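Undergrad: Starting off with a structure, shown below.
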Amino acid sequence: MGDKNATESILADAAGIARAAEILRSGGLVAVPTETVYGLAARADNEEAVAKIYAAKGRPSFNPLIVHVRDAEHARSYANLTGSASWLAELEWPGPLTLVVPLNPDAGLADAVSAGLPTVALRAPAHPVMRALLEICEFPLAAPSANRSGFISPTSASHVAASLDERIDLILDAGPCEKGLESTILAVREDGSWEELRPGPVDLDALHRHYFDRGLERGASGNSIEAPGQLASHYAPGKPVRLNAERAEADEFHIGFGAVAGDCSLSVSGNLAEAGSNLYACLHEATGSDLPRIAVAPIADTGLGKAINDRLRRASA
Ligand code: AMP
Ligand code: MG
């Protein structure tokens, strides 16, 4: 950081990945592709490097970061992965599931990563570029979404550049993100019970029914687990957003789905996976349009639709 030149965006081939690793090793910031959204990575074992993430994003210091690791074994060097957390990591990683588990305070992670909480959020990403990067880095990577705090998450290198240009050292471009939605976040308590902190691509209800044949426990009262990124006004596109709109007013940019055509469509065939993957690109397009307001077609509230509707509610708050 420091100079005011536009941030360079390079192809995520072997040479690009090697260069990214070098910048990260020396404490710099690199935007990296993952299967969920683009992340803003820094080495998680270095206070100064982690502080740069908060500064570049304008992220409040109470909002902790997800630490990206190679696999469950790597995760065990930073946290207490016991019981269900351990087998969930073995079964679901690599993939879009983040586990919030008790932090090992002697593991050498920067304090700012967990924002002073006794827990840490860990994920082993599935994207081949991120996996290759983690293989050659001897340190873990803290990586929140690569956008200014509070705005729409990036699912392409150009989204990253539009939000963080000149504030970070490099962008690794590997095209659009497959899932397009941030990871599912699951807190696993010491007694083995689960709490969903953020819906996402992994359907926890289905997972829980599969393993336990019962519903997932939700948001216990007196909840001591902080999930500050889950503020109602997250993912703001900078314009009013109206949901469940079959038709749009003349001054609204209409995001369609299925039979509702719209100015752009999340998925013409009504496919929820495709809709998840296109959600932020459509919101970015709506933000960039001349129309002052946004309307969004109804989305079925089942499976992945729950995660999509969660993000849309926050975008409209
Ligand atoms: P982002 O990567 O920007 O989508 O943000 C990561 C999110 O992970 C944060 O906003 C928090 O909600 C969540 N998170 C990270 N660490 C913890 C933790 N120790 N406890 C609870 N939630 C966490
Ligand atoms: Mg974010």
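The values are calculated or read from the model by the stated rules, or taken from the named source; none is laboratory data. Since the model is a prediction, treat every value here as computed from it, not as a measurement. Cβ: placed from backbone, ideal geometry, glycine included. Neighbour counts: every protein chain shown. The accessibility values were calculated without ligands, DNA or RNA, using every heavy atom of the protein model including side chains. Shrake-Rupley method; radii C 1.70, N 1.55, O 1.52, S 1.80 Å.
Undergrad: F62 versus (1) part of a helix (DSSP H, G or I); (2) open to solvent by 40 Å² or more (accessible area, probe 1.4 Å): which is the lone unmet condition?
TA: It is condition (1) that F62 fails.
Yes/no per residue for (1) basic (K, R); (2) at pLDDT 95 or above; (3) farther than 28 Å from H159 by Cα:
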{"position": "P60", "(1), (2), (3)": "no, no, no"}
{"position": "R76", "(1), (2), (3)": "yes, yes, yes"}
{"position": "L81", "(1), (2), (3)": "no, no, yes"}
{"position": "P96", "(1), (2), (3)": "no, yes, no"}
{"position": "A121", "(1), (2), (3)": "no, yes, no"}
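Undergrad: From the set of residues in the stretch 186-226 that are in a strand (DSSP E or B) and open to solvent by 20 Å² or more (accessible area, probe 1.4 Å), which is modelled with the lowest pLDDT? Outline the logic, then answer.
TA: Here is the first cut: in the stretch 186-226, the residues in a strand (DSSP E or B) are 186-188, 194-198.
Those left that are additionally open to solvent by 20 Å² or more (accessible area, probe 1.4 Å): 196-198.
On the way: E196: 89, L197: 92, R198: 92.
Per the criteria, the residue is E196.
Undergrad: Oh, and also: Of the numbered conditions (1) under 22 Å from L197 (Cα atoms); (2) open to solvent by 20 Å² or more (accessible area, probe 1.4 Å), V120 fails exactly one; give the number of that condition.
TA: The number of the failed condition is (2).
Undergrad: Okay, next question. If A21 meets every condition in (1) part of a helix (DSSP H, G or I); (2) more than 16 Å from ligand 1 (Cβ to nearest atom); (3) within 22 Å of V202 (Cα to Cα) apart from one, which number is that one?
TA: Condition (3) is where A21 drops out.
Undergrad: Could you check the stretch 142-187 and list, in sequence order, the residues that are within 12 Å of ligand 1 (Cβ to nearest atom), in contact with an Asp or Glu (Cβ under 8 Å, 6 or more places away or on another chain) and within 27 Å of S84 (Cα to Cα)?
TA: Those that are within 12 Å of ligand 1 (Cβ to nearest atom), in contact with an Asp or Glu (Cβ under 8 Å, 6 or more places away or on another chain) and within 27 Å of S84 (Cα to Cα): S145, T184, I185, L186, A187.
Undergrad: Another question about this same structure. With respect to L103, is the statement that it is over 16 Å from L40 (Cα atoms) and either of a type in the set (D, E, K, R) or within 11 Å of ligand 1 (Cβ to nearest atom) (or both) true? Please lay out each step first, then the result.
TA: Numbers: over 16 Å from L40 (Cα atoms): yes; either of a type in the set (D, E, K, R) or within 11 Å of ligand 1 (Cβ to nearest atom) (or both): yes.
Taking the combined requirement at face value, the residue satisfies it.
Undergrad: Right, next: Can you tell me which residue within the stretch 77-107, out of those that are of a type in the set (D, E, K, R) and part of a helix (DSSP H, G or I), is surrounded by the most Cβ atoms within 10 Å (Cβ to Cβ)?
TA: Applying the filter and picking the extreme gives E92.
Undergrad: Next question, about the same structure. In the stretch 143-161, what count of residues is obtained for those that are surrounded by fewer than 19 Cβ atoms within 10 Å (Cβ to Cβ), at pLDDT 95 or above and not hydroxyl-bearing (S, T, Y)?
TA: Selection size over the stretch 143-161: 1.
Undergrad: Checking the conditions here, which among A20, A56 is farther than 26 Å from D106 by Cα, more than 19 Å from the chain's Cα centre (by Cα) and among the hydrophobic types (A, V, I, L, M, F, W, C)?
TA: Values: A56 fails: more than 19 Å from the chain's Cα centre (by Cα).
One residue alone meets the criteria, A20.
Undergrad: Name every residue in the stretch 245-271 that is surrounded by 20 or more Cβ atoms within 10 Å (Cβ to Cβ) and over 19 Å from H284 (Cβ atoms), in order of residue number.
TA: Answer for the stretch 245-271, where residues must be surrounded by 20 or more Cβ atoms within 10 Å (Cβ to Cβ) and over 19 Å from H284 (Cβ atoms): just V260.
Undergrad: Looking at A110, is it at pLDDT below 95, of a type outside the set (K, R), more than 16 Å from ligand 2 (Cβ to nearest atom) and open to solvent by less than 20 Å² (accessible area, probe 1.4 Å)? Let's see the steps before the verdict.
TA: Values: at pLDDT below 95: no; of a type outside the set (K, R): yes; more than 16 Å from ligand 2 (Cβ to nearest atom): yes; open to solvent by less than 20 Å² (accessible area, probe 1.4 Å): yes.
It is false that A110 is at pLDDT below 95, of a type outside the set (K, R), more than 16 Å from ligand 2 (Cβ to nearest atom) and open to solvent by less than 20 Å² (accessible area, probe 1.4 Å).
Undergrad: Does P140 fit the bill of being more than 15 Å from the chain's Cα centre (by Cα) and open to solvent by 10 Å² or more (accessible area, probe 1.4 Å)?
TA: Taking the combined requirement at face value, the residue does not satisfy it.
Undergrad: If I go through the stretch 83-117 residue by residue, how many of them are more than 20 Å from P199 (Cβ to Cβ), hydroxyl-bearing (S, T, Y) and in contact (Cβ under 8 Å) with a residue 40 or more places away in the chain?
TA: Within the stretch 83-117, the subset more than 20 Å from P199 (Cβ to Cβ) is 83, 86-87, 90, 102-117.
Subsequent filtering for residues that are hydroxyl-bearing (S, T, Y) retains 86, 114.
Narrowing further to those that are in contact (Cβ under 8 Å) with a residue 40 or more places away in the chain: 114.
Residues meeting the conditions: 1.
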